[in-house]
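Visitor: Below: one structure in structure tokens.
The values are calculated or read from the model by the stated rules, or taken from the named source; none is laboratory data. Quantities reported herein were computed from a predicted structural model and do not represent experimental measurements. FYI the Cβ positions are ideal-geometry reconstructions off the backbone, even for glycines, and counts take in every protein chain you see.
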Amino acid sequence: MTITLTVNGAKVELSCKPQDSLRAVLRGAGYYSVRFGSETGETGAAAVLVDGVLISADLMLAAQADGHEIETVEGMSSPGNLHPIQEAFIETGAIQSGYSTPAMILAAKALIAANPDPTEDDVRDAFSGILDRETGYLRPVHAVLRAAAVMRGDDPESVDVAFLDPLTSGAASDQDVTALSTIAPKVVPSVDVPDTRIVGHAEVKVDAIKLVKGNPAFTDDVVASGTLVAKVLYSPHANARIVDIDDSAAAALPGVRAVLHHGNVARVRYASGGQSYPNPLPYDQVSFDNRVRFVGDRVAAVAADTEEIALAAIDLIDVTYEVLPAVFDENEAILDGAPVIHDEPDMEGAHDASHNLVHHIQAETGDVADGFAAAAHVFEQTCRVHQVQQTPIEPHIAIAAWDSDERLVITSSTQVPFHVRRMVAPLLGLPVKQIRIIKPRIGGGFGVKQEMLIEDIVGHLTIATGRPVRLELTREEEFISSRTRHPQTITFKTGVDAAGKITAQDMHVVANTGAYGTHGLTVQMVTGLRGLSSYNSPIKRFDCKVAYTNIPVPGAYRGYGAPQALYALETHMEDIAAELGMDAIEFRRLNWAVAGDPLDIAPQLGEGDQDASVMPMITSCGLEEAVAQGIRAIDWDRRNDPAWREPADRPNIRRGLGFAMAMHGTAIPGLDMGGASLKINDDGSFNLLVGATDLGTGSDTILAQIAAEVVGVGTDDIIVYSSDTDMTPFDVGAYASSTTYISGMATKRAAELVRAQIIDRAVLMLGVDADSIDLHDGKAWSTDGQSVTLEQIALSTLHQEGQHQIMADASYVSPESPPPYAAQFAEVEVDIETGQVTVERLVMAVDCGVPINPLTSVGQVEGGLVQALGYGHCEEMAYDADGRMVNAAFGPYKIYRADEMPEIEAILVQTLEPSGPFGAKAIAEIPKDAVAPAMRNAIANATGVRIANIPFTPERVWQALQDA
Amino acid sequence: MITQYHRPFTLDDAVAILARPDAIVLAGGTSINADPDRAPKTAVDVQALDLAGIELEGGMVRIGATSRLQDLVDSALVPVVLRDLARREAPNTIRNMATLGGTIGASDPESELLAGLLAFDTRVTLARSGSSTEHALADVLADRSILNGAIITAVTVPSGGEAAVDRVSRTPMDRPIVAAVAHRSGDTVRLAMTGVSAGPTVVDPDNVADLDPPADFRGTADYRRNLAEVLAQRVLADVTGGEAS
């Protein structure tokens, strides 16, 4: 049928089918800002204005929109200028990946048009249909308030960095922090940190323009004509052998170009976790197997001319299964008699596959029995942490194609392009040199894309058909058939002496790695590392069994074993303090590991090549200041006020405050490596090529800031390209909180080499010594008052004399992993008649060394807090008795919306980390680590009840209250 | 999957197309377009039928069936509790598309808004070829076949009385595990709930303890029964001025 839409003021005639969504038709017409988030419309990534009103274009048929006026973000500005709403989003730091930013901007436009002076509640309601996993909604909401103020002609609130007086330096402060703007990034400066021009400032993101305008930038925004659509057939059974696959009807369907399964694809062993060579064992996967091990496991894949034909072909594949008994619980799976999940003869590297035991990780620094014998009290408790999913709003998507040189090019929303290239090569039977992986902008990853997950499928299909092939997971497939967090059963046993000092800590874990090993070894190693590093103990032991079960596969998820460990640890420490009659923070303070203390379990639980003779030591720690800042921000004393905890006017409500401490790591020492390459252009600008993958975290901006600081220009003179296995140096990719520290140091080193070359030419041009030259503001300055621009230096070196390209590259791997610290506080209300918990406030004060960009840093914290909130409060993957996920959709799987958020606050506490670029440590994952235990401790403060397991859903809390 | 699309301009034309065996009413589309079922259907888009509008007539509020849920939220004529339930029913993007008639037709088992309408003893007006009939909402939800071949044209609720609502959910704007809505008009009190039965249902205030709720991962039957008693008591106390029944 033919429809007429008025899009951004222009009448457009489009042909479509009755079943086509408005989203599909708009994208087909080139409006790439209208994005896919889910097949049931809750994400709002496809939100557009129809007749001035915000709707989800994925839930409207194009036919319904016939004759109506459509507005997309493409209509809000022209090249070179920005709408005030777009400017406000940039200035406020409201953009992380930018995937849903166009939707938010349209929501703002509609709201302000109807109401030029909206309240915060009005804005949150306007955002209620746009789900975000990245920002905590705080900055986007304030961006709208800012835009409305500017459009009214009023003054907007300040976004400048707000420096807080330190509370633990000995000097008194009468600073009124309550008067500070909500969105001013709060930084407690350290006197050790030198002034810098670009680093440490809230520079605008270098990719902001394309994100705020919805310019084509994501994988799905560049799809060549003739690209085939791939669909995958997934297993309906949790454990089964594939006895037969009859693909004849599917293959015969007109428009079907290939049907692949174990019968026609080479059986090559691998592990899918995106990690350095050699990938940790076991190699227990093949592209298509004759066995399925969870509901959602891969059975076959189809490439066809259209999505409809591909789906029809999937339905025509006739599979005969021999259904086997299944096991889902990690403790049951390792018992005698449990169904054996991996019994294939060619499987490599599980510890004891016959008992579903993938790994048995053991580490100790002495004999814990001695430590417990020396203890005045021994405490032991067990908890279980559950399965949640990363839910990036952009699901996995990859497009494979032969280029003109007949090399296979895969464009993929991946955090690990270099690992993907190396790992997919043997599966496809191609050498690494014949493969190119391109990482465009990513709409969120959080670890789920630290995986070679679907690139082999599109590769196989392109090889089979000779055509470009695109595979995008549906939201349901993203829940069930990608990766999740590892559930664990954790037992902590701690001995303390009469004064409350720890004499031994023993951590025992049974972890659930689902049907395949992937990250099963290293996540659990981090669990032990993080569980036993926060506190000094003369003797420590870690014993962890990692079990196969038939649940959808856990992999990498931001935090990577630390959220599990710190939930168990920080609830354990809280309870010990209560048993000893000690203050919750005071007990921890007596034992926590700070600057000068060793990270004594790290050598045994590190993955990389480290010098075993060197004990890693903590070299920077802002924990005391972080605690002091958090105590003030949350008004901690209320915790001891019974009148506040039991409000007289609300007899069914109890209120409480809770605390948890987090120590995390910064990159993987001796393993994570990144390279950077910098070259000058004729106008004195630079190209910075990095393998580091910005998934919305702002790493492109951070790296630009570091290079700009060293060579003395602004960030707009650094053009960043990341990342592409043909064009950029190697980088392990975005994980382990490594980019700022590792890729940043590589960038700094490359920039220092370039700086030296610039100075060499300046010496010749100015006739002075190198020592008297400084670079800043785009020039080389000598102490005698002369200067020459970098443009002049570039033209001179490229064209005129002693011609050479000023350029350098560098790589970096670190022998250490300096820990960031955080003090997490939570305020909750509990309805004791129903068990409903309402989270009122979260405050996290973080020591990440020197934040290279305070605006993107607080954005990372604010976004991470919301995911951590979901982990503790409301997210869970739920199953029926047959192992089928029953809530594989947004809504039933509950993530927080803008209009129900608690207050969230991030405070950055500076320290100077000597080993980090300009003093930086990591911040990416630590926000995930301490919200759940802080909530649990707050519930305990409110009700007296100490709950063991997460999430704190109403029935669990109610039952705990009944049982108390 | 919609394989044929029609946008009639008169009710008679709409009802005529609706007589086809695979024909369905397409209002906002938020339910139908999210349905993964690929069986072919003929859509009768009612947007051109002029069925919107909210009016006060003799103590009753008449809400046109194609009124968006956001229209209810914005209307000062709609009772406050129902406006709040319309706001809570869906996020704003969906509220801006979903219609009241469509909400009744979709009959979401967890719909708080439908529970609220049940408590208000709502009437539903249906149009068929040449005729228009009125039904209790409770009857329509109990027997969906009443809607076969018909188009909902309007919904009527009393504008007066006292109402109260309470719920338990995982987060403040989540779908409720159990919700209770009470409405009192004079001495008549009606109580309706979600989460205690197959769908939103009228509940006898004296028989709350006898409910047999279905269980799911958000709540066992025992827990839901407990919530039903607590929430029913709260909303009944609210509408009777503190005297719980």
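Visitor: One residue is enough: does region A:570-593 have a residue meeting the conditions under 18 Å from A:Lys493 (Cα atoms), assigned to a helix (DSSP H, G or I), of a type in the set (Phe, Trp, Tyr) and in contact with a Leu (Cβ under 7 Å, 6 or more places away or on another chain)?
Guide: Within region A:570-593, one or more residues are under 18 Å from A:Lys493 (Cα atoms), assigned to a helix (DSSP H, G or I), of a type in the set (Phe, Trp, Tyr) and in contact with a Leu (Cβ under 7 Å, 6 or more places away or on another chain).
Visitor: I would also like to ask the following. Scan region A:72-79 and give yes if some residue there is surrounded by 19 or more Cβ atoms within 10 Å (Cβ to Cβ) and within 18 Å of A:Gly129 (Cα to Cα), otherwise no.
Guide: For region A:72-79, residues surrounded by 19 or more Cβ atoms within 10 Å (Cβ to Cβ) and within 18 Å of A:Gly129 (Cα to Cα): present.
Visitor: Given B:Ala215, B:Ala237, B:Ala209, B:Ala228, which one is under 18 Å from B:Glu110 (Cα atoms) and surrounded by fewer than 19 Cβ atoms within 10 Å (Cβ to Cβ)? Break it down into steps so the answer makes sense when it comes.
Guide: Details: B:Ala237 fails: under 18 Å from B:Glu110 (Cα atoms); B:Ala209 fails: under 18 Å from B:Glu110 (Cα atoms); B:Ala228 fails: surrounded by fewer than 19 Cβ atoms within 10 Å (Cβ to Cβ).
Checking each option against the conditions leaves just B:Ala215.
Visitor: In addition: Hey, does region A:843-864 have a residue that's in contact (Cβ under 8 Å) with a residue 40 or more places away in the chain and on the phi > 0 side of the Ramachandran plot? Give the derivation first.
Guide: Kept after step one, since they are in contact (Cβ under 8 Å) with a residue 40 or more places away in the chain, are these residues of region A:843-864: A:843-864.
Going one step further and asking which of them are on the phi > 0 side of the Ramachandran plot, we end up with A:849.
Scanning region A:843-864 turns up at least one residue that is in contact (Cβ under 8 Å) with a residue 40 or more places away in the chain and on the phi > 0 side of the Ramachandran plot.
Residues checked against (1) over 13 Å from the mean Cα position of the chain (by Cα); (2) among the aromatic types (Phe, Trp, Tyr):
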{"position": "B:Ala52", "(1), (2)": "yes, no"}
{"position": "B:Phe120", "(1), (2)": "no, yes"}
{"position": "B:Glu134", "(1), (2)": "yes, no"}
{"position": "B:Val140", "(1), (2)": "no, no"}
{"position": "B:Ile146", "(1), (2)": "yes, no"}
{"position": "B:Thr156", "(1), (2)": "no, no"}
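Visitor: Within region A:918-930, identify whether any single residue is under 23 Å from A:Glu827 (Cα atoms), of a type in the set (Asp, Glu), more than 10 Å from chain B (Cβ to nearest Cβ) and crowded, with 24+ Cβ neighbours inside 10 Å, and answer yes or no.
Guide: Taking every residue of region A:918-930 in turn, at least one turns out to be under 23 Å from A:Glu827 (Cα atoms), of a type in the set (Asp, Glu), more than 10 Å from chain B (Cβ to nearest Cβ) and crowded, with 24+ Cβ neighbours inside 10 Å.
Visitor: Let me ask something else. Test each condition in (1) of a type in the set (Ser, Thr, Tyr); (2) closer than 19 Å to A:Ala562 by Cβ; (3) within 9 Å of chain B (Cβ to nearest Cβ) for A:Tyr871 and report the one that comes out false.
Guide: For A:Tyr871, the exception is condition (3).
Visitor: Let me ask you something else. Looking only at region A:1-48, which residues are touching a helix residue (DSSP H, G or I) at 6+ places or on another chain (Cβ under 8 Å), hydroxyl-bearing (Ser, Thr, Tyr) and either on the phi > 0 side of the Ramachandran plot or not in a loop (DSSP other than H, G, I, E, B) (or both)?
Guide: Correct list: A:Ser21 only.
Visitor: Within region A:932-964, how many residues are within 14 Å of another protein chain (Cβ to nearest Cβ) and hydrophobic (A, V, I, L, M, F, W, C)?
Guide: Residues meeting the conditions: 7.
Visitor: Output the number of residues of region A:372-410 satisfying the condition of being under 20 Å from the mean Cα position of the chain (by Cα) and assigned to a strand (DSSP E or B).
Guide: Step one: filter region A:372-410 for residues under 20 Å from the mean Cα position of the chain (by Cα), giving A:385-398.
If we keep only those that are assigned to a strand (DSSP E or B) too, we end up with A:385, A:397-398.
Selection size over region A:372-410: 3.
Visitor: How many residues are modelled with pLDDT of 95 or more, surrounded by fewer than 21 Cβ atoms within 10 Å (Cβ to Cβ) and among the small types (Gly, Ala, Ser) when one looks only at region B:146-157?
Guide: Final tally of qualifying residues: 0.
Visitor: Looking at A:Glu624, A:Glu607, which is the one that is under 27 Å from A:Val846 (Cβ atoms) and either within 26 Å of the chain's Cα centre (by Cα) or crowded, with 21+ Cβ neighbours inside 10 Å (or both)?
Guide: Values: A:Glu624 fails: either within 26 Å of the chain's Cα centre (by Cα) or crowded, with 21+ Cβ neighbours inside 10 Å (or both).
Just a single option satisfies the conditions, and that option is A:Glu607.
Visitor: Taking the stated definitions as given, is A:Gln450 more than 20 Å from A:Ala301 (Cβ to Cβ), surrounded by 23 or more Cβ atoms within 10 Å (Cβ to Cβ) and not basic (Lys, Arg)? Talk me through it step by step, then tell me what you get.
Guide: Details: more than 20 Å from A:Ala301 (Cβ to Cβ): yes; surrounded by 23 or more Cβ atoms within 10 Å (Cβ to Cβ): yes; not basic (Lys, Arg): yes.
For A:Gln450, the condition - more than 20 Å from A:Ala301 (Cβ to Cβ), surrounded by 23 or more Cβ atoms within 10 Å (Cβ to Cβ) and not basic (Lys, Arg) - is met.
Visitor: Could you list, in sequence order, all residues of region A:49-64 that are in contact (Cβ under 8 Å) with a residue 40 or more places away in the chain, crowded, with 24+ Cβ neighbours inside 10 Å and either in a strand (DSSP E or B) or more than 10 Å from chain B (Cβ to nearest Cβ) (or both)? Show your work before the answer.
Guide: In the first step, residues of region A:49-64 are kept if they are in contact (Cβ under 8 Å) with a residue 40 or more places away in the chain; the result is A:49, A:52-54, A:56, A:61-64.
Remaining after also requiring crowded, with 24+ Cβ neighbours inside 10 Å: A:54, A:56, A:61-64.
The answer is A:Leu54, A:Ser56, A:Leu61.
Visitor: Give the residues of region A:1-23 that are at the interface with chain B (Cβ under 10 Å from one of its Cβ atoms) and among the acidic types (Asp, Glu), sorted by residue number.
Guide: Within region A:1-23, A:Asp20 is the sole residue that qualifies.
Visitor: With a cut-off of at least 2 residues that are of a type in the set (D, E, K, R), name the strands (runs of 3 or more DSSP E) lying wholly within region B:137-245. Spell out how you get there, then give the answer.
Guide: On the way: elements: B:151-158, B:162-168, B:178-185, B:188-194, B:201-203.
In region B:137-245, the matching strands (runs of 3 or more DSSP E) lie at B:162-168.
Visitor: Please go through region A:24-48 and give me each residue that is facing another protein chain (nearest Cβ under 10 Å) and either hydroxyl-bearing (Ser, Thr, Tyr) or within 23 Å of B:Arg7 (Cβ to Cβ) (or both), ordered by number. Steps first, answer last, please.
Guide: Let us first name the residues in region A:24-48 that are facing another protein chain (nearest Cβ under 10 Å), namely A:38-44, A:46-48.
Within region A:24-48, A:Ser38, A:Thr40, A:Gly41, A:Thr43, A:Ala46, A:Val48 meet the criteria.
Visitor: Specify the residue that is surrounded by the most Cβ atoms within 10 Å (Cβ to Cβ); the eligible residues are those in region B:16-33 that are part of a helix (DSSP H, G or I) and within 14 Å of chain A (Cβ to nearest Cβ).
Guide: At the first step, the residues of region B:16-33 found to be part of a helix (DSSP H, G or I) are B:16-18, B:32-33.
Going one step further and asking which of them are within 14 Å of chain A (Cβ to nearest Cβ), we end up with B:17, B:32-33.
On the way: B:Ile17: 15, B:Ile32: 21, B:Asn33: 24.
Applying the filter and picking the extreme gives B:Asn33.
Visitor: Here is a follow-up. For region A:491-500, does any single residue satisfy the condition of being closer than 30 Å to A:Asp882 by Cβ, among the β-branched types (Val, Ile, Thr) and surrounded by fewer than 24 Cβ atoms within 10 Å (Cβ to Cβ)? First the steps, then the outcome.
Guide: Within region A:491-500, the first condition is being closer than 30 Å to A:Asp882 by Cβ, and the residues that meet it are A:491.
Retained after the next criterion (residues that are among the β-branched types (Val, Ile, Thr)): A:491.
Still in the running and surrounded by fewer than 24 Cβ atoms within 10 Å (Cβ to Cβ): A:491.
Yes; the residues of region A:491-500 include at least one that is closer than 30 Å to A:Asp882 by Cβ, among the β-branched types (Val, Ile, Thr) and surrounded by fewer than 24 Cβ atoms within 10 Å (Cβ to Cβ).
Visitor: Another question, if that's okay. Looking only at region B:219-231, decide whether some residue is at negative phi and away from chain A (no Cβ under 14 Å).
Guide: For region B:219-231, residues at negative phi and away from chain A (no Cβ under 14 Å): absent.
Table: residues versus (1) crowded, with 24+ Cβ neighbours inside 10 Å; (2) within 14 Å of another protein chain (Cβ to nearest Cβ).
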| residue | (1), (2) |
| --- | --- |
| B:Ser75 | no, no |
| B:Arg87 | no, yes |
| B:Met97 | yes, yes |
| B:Leu117 | yes, no |
| B:Arg123 | no, no |
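Visitor: Of the residues in region A:716-732, how many are under 15 Å from A:Ala751 (Cα atoms) and buried (at least 24 other Cβ atoms within 10 Å of the Cβ)? Walk me through it before giving the result.
Guide: Here is the first cut: in region A:716-732, the ones under 15 Å from A:Ala751 (Cα atoms) are A:717-720, A:729.
Those left that are additionally buried (at least 24 other Cβ atoms within 10 Å of the Cβ): A:718, A:720.
Number satisfying all stated conditions: 2.
Visitor: Would you please name the residue that is farthest from the other protein chains (Cβ to nearest Cβ), looking only at residues in region A:891-917 that are closer than 25 Å to A:Ala734 by Cα and among the hydrophobic types (A, V, I, L, M, F, W, C)?
Guide: A:Leu912
Visitor: If you go through region A:125-135, how many residues are closer than 26 Å to B:Met97 by Cα and more than 14 Å from chain B (Cβ to nearest Cβ)?
Guide: Initially, region A:125-135 is screened for residues closer than 26 Å to B:Met97 by Cα, giving A:125-133.
Filter again for more than 14 Å from chain B (Cβ to nearest Cβ), leaving A:133.
The number of residues fulfilling the criteria is 1.
Visitor: Which one of these does B:Arg190 not meet: (1) surrounded by 19 or more Cβ atoms within 10 Å (Cβ to Cβ); (2) farther than 24 Å from A:Asn652 by Cα; (3) touching a Ser or Thr at 6+ places or on another chain (Cβ under 9 Å)?
Guide: (3)
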